[in-house]
Amino acid sequence: MKALVWQGINRVGIETVPDPTILQPTDAIVRITSTAICGSDLHLLDGYVPSMVPGDILGHEFMGEVMEVGKGVRDIKVGDRVIVPFPIACGKCWFCQQGLTSLCDNSNDNAKLAETMFGYAPSGIYGYSHLTGGYAGGQAQFARTLYADANLFKMPEGVPDEQLLFLTDILPTGYMAAVNCDIQPGDTVAVYGCGPVGLFAIMSAFLLGAGEVIAIDRFPDRLDMAAKLGAQPLNYEQEEVLASLKLRTGGRGPDSCIDAVGMEAHGTGPGGLYDALKQTTRMAESDRPHALRAAIMSVRKGGTVSVAGVYGGLGDKIPLGAFMNKGLTMRTGQTHVHRYVPKLLEHIMKGDIDPTVVVTHRLSLDEAPHGYDIFKHKHDHCVKCVLDP
Ligand code: NAD
Ligand code: ZN
């Protein structure tokens with residue numbers, strides 16, 4: 001089959017690779033009908049996530065048709081139309097039982113290696129380095145999926161892929177970011193970053209009762225999209241963010257701030273390098289918790305900072321003094337996608353949410369390297385690339 005593979009830092013390409021096969025009785029093979037490029041893939045492209053090996057297949061946002069199931073699969077059948085959440089959950093461990101599916105204890109075959117390197121083991125994620133299990137991703141024609149009964153969600157026929165695809169990641173991610181703000185009716189929420197995740201966080205914040213959402217970015221087209229969703233745009237290259245947020249909230253600051261940026265390659269301000277991890281990770285000059293710092297400094301006293309953005313390694317220069325003395329709450333994590341799929345599917349079917357608003361590019365799998373290029377550099381007004389393998 002054809003797949004998009006990581007070939008080294010800032011290099012991806014299409015290669016012919018062996019078709020995936022069933023390795024465990026609980027596996028299923030999915031023929032992929034739609035897949036997407038995520039901001040999280042850019043951290044791999046940039047080389048900020050350790051333990052990538054040339055030839056690794058990328059992609060963790062994919063859906064398709066079940067082609068084959070292992071002997072132990074009960075509920076999922078050949079021919080089912082499914083979406084595949086990006087975190088892999090066994091469905092049985094203590095964490096899965098609590099609905100904390102991105103923290104599953106049994107989904108990372110390389111947990112020991114990760115623990116040796118970091119002192120903790122993340123759960124399994126498709127196409128996301130060997131420290132999250134080394135599983136081939138879904139920017140490909142086929143993928144092996146694990147614990148099929150616990151992970152694959154059957155989707156209704158007659159609804160286009162594009163309406164459903166983002167249930168795999170960015171729609172629940174934006175939603176969980178807003179849920180984590182514990183929004184009270186009429187609250188003001190500031191969202192740092194107007195990429196696909198930020199845009200879905202804006203949508204979700206309104207859905208959960210926010211009175212006002214302030215959307216922060218530097219790209220006018222992304223800020224326009226945020227404004228179309230009802231948010232007040234704030235361009236951080238034109239306005240001083242902290243002062244402007246104060247002014248817009250009667251001097252108090254937003255009730256909650258969402259970091260939908262993470263290890264963004266663009267960022268300024270003071271910050272050190274992470275010496276301890278330099279050996280294993282390529283650390284960027286700009287690999288600094290920039291938006292996170294601003295979120296902590298700008299949120300009102302007693303407010304909440306919700307971190308959807310992905311971080312790796314050690315962050316320094318976090319204003320812990322402000323965090324403590326302002327009495328803040330911080331919530332974060334990889335998204336417990338499984339927990340939110342049923343509710344969000346209902347919202348899509350009722351028309352409360354139209355996830356297709358973020359799609360700017362529809363490309364073939366062969367064009368995926370170009371997709372990475374324009375998505376990373378925000379060229380050609382690119383916000384979200386959907387690939388048709
Ligand atoms: P993206 O790169 O398209 O969007 C990031 C946006 O942040 C860009 O528009 C950029 O201009 C803006 N930005 C950069 N620095 C900023 C700053 N200092 N202040 C305000 N805005 C700034 O990426 P995306 O697909 O929207 O993903 C966003 C983040 O969410 C990434 O870190 C990604 O890894 C993460 N993510 C997390 C989860 C999860 O489970 N927690 C899931 C998916 C994605
Ligand atoms: Zn993603």
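Tabulated results
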quantity	calculated
Lone unmet requirement of (1) within 18 Å of Gly198 (Cβ to Cβ); (2) at pLDDT 95 or above; (3) not small (Gly, Ala, Ser) for Arg293	(2)
Residue that is in contact with a Cys (Cβ under 8 Å, 6 or more places away or on another chain), over 27 Å from Pro156 (Cβ atoms) and buried (at least 16 other Cβ atoms within 10 Å of the Cβ), where the choices are Cys93, Cys104	Cys93
Helices (runs of 4 or more DSSP H) within segment 285-370 that include 2 or more residues of a type in the set (D, E, K, R) and under 28 Å from Thr188 (Cβ atoms)	337-350
Qualifying residues in segment 331-389 (those that are among the basic types (Lys, Arg) and over 23 Å from Met263 (Cβ atoms)) - the one nearest to ligand 1 (Cβ to nearest atom)	Arg339
Hits in segment 344-376 (condition: in contact (Cβ under 8 Å) with a residue 24 or more places away in the chain and within 30 Å of Phe95 (Cα to Cα))	Leu344, Leu345, His347, Ile348, Met349, Ile353, Pro355
Options Gly47, Gly79, Gly59; residue that is free of Cβ contacts under 8 Å to residues at least 40 places away in the same chain, over 15 Å from Ala150 (Cβ atoms) and not β-branched (Val, Ile, Thr)	Gly79
Residues within segment 69-90 that are over 16 Å from Gly137 (Cα atoms) and either within 16 Å of ligand 2 (Cβ to nearest atom) or touching a Phe, Trp or Tyr at 6+ places or on another chain (Cβ under 6 Å) (or both), tallied	1
All helices (runs of 4 or more DSSP H) inside segment 148-236 with 1 or more residues being more than 10 Å from ligand 1 (Cβ to nearest atom), closer than 27 Å to Ile32 by Cβ and polar (S, T, N, Q)	148-151, 161-164, 196-207
Any hit, segment 347-360, residues being more than 19 Å from Leu207 (Cβ to Cβ) and in the same structural domain as Ile83 (by TED's automatic domain parsing)	yes
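The values are calculated or read from the model by the stated rules, or taken from the named source; none is laboratory data. Everything quoted here is computed from the prediction, not taken from an experiment. Quick reminder, even Gly has a Cβ in these numbers, built from the backbone with ideal geometry, and neighbours come from all protein chains shown.
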